[in-house]
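Enquirer: Please find one structure pasted underneath; my questions will follow.
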Amino acid sequence: MSIYPVEDFKQYWPENPSNLKDAVENYARGLRNLSTTVLGLVAEGLGLHQNYFDGDLSGEPMASHINFYPPCPDPSLTLGLGKHCDPGLITLLLQGNVSGLQILHNDEWIAVDPVPDAIVVNYGHQMEIVSNGMLKGVNHRAITNAEQSRMSIATFIQPSKEGLIAPAEALHSEKNQPIYKRFHYREYFGNYVANLGDKEKSAEPFLVKCA
Ligand code: OGA
Ligand code: NI
């Protein structure tokens, strides 16, 4: 499998504008490098080997969603994107200059205002599972804006579909039991799609139930 799916897909991308293929390729390569750096730092922070997330845990070809939110006359009536948790390990979000992203924290929606040229890193649900709950997959949504349109690019770093997911052994013990059983990411992903991004419902079959 290719770590950079770019070369497998570039031929299918539009010819116009003429700089599009190179721009997307550069962006994708830069983000893959960024994700490797971020995942190395997160692994270290968890007390795991720096390469812990390499291989299957981040092995799915990178995928990006380009979201376009047109201005909405009454944002109180319509969300841009409803509440969900991204399924994978981390998401790298470029959100331009218009605010719209909100994260759920202590039952309150909190705006993540754009910082020029910054990329937002959101933890996905697999990060919560692999860290045995130490890190939380963040529930988030996007609201609309009455005056301005908004565009964002969300790039998902995910385990390969056949990859095995389980809480890292170093992060559980006799006293701190694993919260989840081992499962294939494909099984989780099927639940995720069926449950429209609801993290609790998606992981329910993999919870270790107390006797
Ligand atoms: C997503 C997402 C948020 C945004 O694409 O998964 O959460 O700000 N996007 O567009
Ligand atoms: Ni999302």
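The values are calculated or read from the model by the stated rules, or taken from the named source; none is laboratory data. The model shown is predicted, which means the values in this text are computed figures rather than measured ones. When we count neighbours, we look across all protein chains shown, and the Cβ atoms used for this are built from the backbone with ideal geometry, even at glycine. Surface accessibility is based on the protein's heavy atoms, side chains included, excluding ligands, DNA and RNA. Shrake-Rupley method; radii C 1.70, N 1.55, O 1.52, S 1.80 Å.
Enquirer: By average Cβ neighbour count within 10 Å, what is the ranking of 51-57, 8-14 from highest down?
Expert: The peptides rank, most packed first, as 51-57, 8-14.
Enquirer: Quick one: length gained pulling Glu187 to Leu77 fully straight, 0.36 nm per residue minus the C-alpha distance?
Expert: On the way: separation 110, 0.36 × 110 = 39.60 nm, distance 3.46 nm.
Computed gain between Glu187 and Leu77 is 36.1 nm.
Enquirer: Under 21 Å between alpha carbons, and skipping anything fewer than 8 positions from Lys83 in its own chain: which lysines qualify?
Expert: Here the lysines satisfying the reach criterion relative to Lys83 are Lys136, Lys199, Lys201.
Enquirer: With every protein chain kept in place and ligands, DNA and RNA left out, what is the accessible area per residue of the range 2-206? Probe 1.4 Å, answer in Å².
Expert: 54
Enquirer: Treating cross-link reach as a plain straight distance, find the aspartates and glutamates whose alpha-carbon is under 15 Å from the alpha-carbon of Lys21, omitting any fewer than eight places away in the same chain.
Expert: Once the sequence-local aspartates and glutamates are set aside, what remains near Lys21 is Glu7, Asp8.
Enquirer: Multiply the residue separation of Glu162 and Asn195 by 0.36 nm, subtract the distance between their alpha-carbon atoms, and state the gained length in nm to one decimal.
Expert: 9.9 nm
Enquirer: How far is helix 185-194 tilted off the main Cα axis of the chain, in degrees rounded to 10, range 0 to 90?
Expert: Compared with the principal axis, the helix lies near 60 degrees.
Enquirer: Taking the Cα centre of the chain as origin, sum charge times position over the Cβ atoms of Lys and Arg (+1) and Asp and Glu (-1), and report the length of that vector in debye to the nearest 20. Show your work: numbers first, answer last.
Expert: Numbers: 16 positive and 24 negative charges, 68 e Å.
Roughly 320 debye for the chain.
Enquirer: May I pose another question? What FRET efficiency comes out for the pair Ala146/Ser173, r = Cβ-Cβ distance, R0 = 35 Å, nearest 0.05?
Expert: Working: r = 52 Å, r/R0 = 1.48.
So, using R0 = 35 Å, E works out to roughly 0.10.
Enquirer: Counting alpha carbon pairs within less than 8 Å and at least 6 residues apart, what relative contact order, in whole percent, applies to the range 2-206?
Expert: 24
Enquirer: Next question, about the same structure. As an exercise, take the mean of 1/r over every pair of distinct alpha carbons in the range 2-206, invert it, and state the Kirkwood radius in angstroms.
Expert: Radius from the Kirkwood sum: 18.2 Å.
Enquirer: Once label points are set 7 Å from the Cα along Cα→Cβ at both Glu7 and Asp56, what is their separation, rounded to one decimal in nm?
Expert: Roughly 2.5 nm, to one decimal.
Enquirer: Ok, one more. Quick one: pull the percent of accessible area on the chain belonging to carbon and sulfur, 1.4 Å probe, ligands and nucleic acids left out. Don't skip to the end; give the middle numbers.
Expert: Working: 6530 of 11870 Å².
Taking all protein chains in place, the chain shows 55 percent carbon and sulfur surface.
Enquirer: Still on this structure: Quick one: if the Förster radius is 30 Å, what FRET efficiency do Val112 and Asn26 give, using the C-beta to C-beta distance and rounding to 0.05?
Expert: 0.75
Enquirer: Same structure, new question: On a 0 to 90 degree scale, rounded to 10, what angle separates helix 20-46 from the longest Cα axis of the chain?
Expert: 30
Enquirer: Sticking with this one: Taking +1 at the Cβ of each Lys and Arg and -1 at the Cβ of each Asp and Glu, which of Pro14, Leu93, Ile103 sits farthest along the dipole of the chain towards its positive end, judged by Cα position relative to the Cα centre?
Expert: Ile103
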